[in-house]
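J.: Please read through the structure below; I'll follow up with questions.
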Amino acid sequence: MRRLAIVCVGVVAVGALSACQKKSADPAKTGEAAPVSAMAAAPIGPPQRKAGLWAQTMTGQGMHQTMKMCLDSDTDAKMAIWGQAMSKDNPCSKNSVTPTAGGWKFESECDMGGAGHLVSTGTATGDFNSKYTVKINSVTTGSSMPQANGAHEMSIDATWEGACPAGMKAGDVNMTVPGMKGGMTINVEKLAAQKR
């Protein structure tokens, strides 16, 4: 049970990063023309991953969690490379995703309510069609879960394994849980809908 709680904290911490994907007003919908300078300086979103089954390993703070997730283009648009981005609410005062040589760097500062104040930086590298790596450094303060507070380092390694198997649909995430045969499967879209 304690192990599962630690895993959930890790997933929440990573999920908080991508929950900060802020969308700006679309000039086409408001009828206004976007200034050229604004278009040139517009933030670039995270890269898109190839649809199919991704095997992912999260390592950090004494945790080693493996999972498999099934993505299609719609689900990938809702889930950032470094976590889950399912909430329409934006708890983040700062968020940036910047392309770099060989990948992307990101920074965010998010107020997650009872889960605390989260400041994160990191990098994502790889081709995002077959394999990628994410490195995250975060500091959480004010969380109601004492084990979540403090500085944390996490790395995520993901590899594309092909088409999603029968019985697994887009948004499904299967996590390996010690002592639980077959692991635990959740659907992140359904989970996000329950939180709204």
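J.: Highest mean first, how do 94-100, 110-116 rank when packing is the count of other Cβ atoms within 10 Å averaged over residues?
T.: For the peptides 94-100, 110-116, the packing ranking is 110-116, 94-100.
J.: In percent, how large is the relative contact order of the stretch 87-196, given Cα pairs closer than 8 Å and 6 or more residues apart?
T.: 16
Since every read-out is calculated from the coordinates, none of them should be taken as a lab result. All of these numbers come straight from a predicted model, not from anything done at the bench. Positions of Cβ are backbone-derived with ideal geometry, glycine not excepted, and every protein chain shown enters the neighbour counts.
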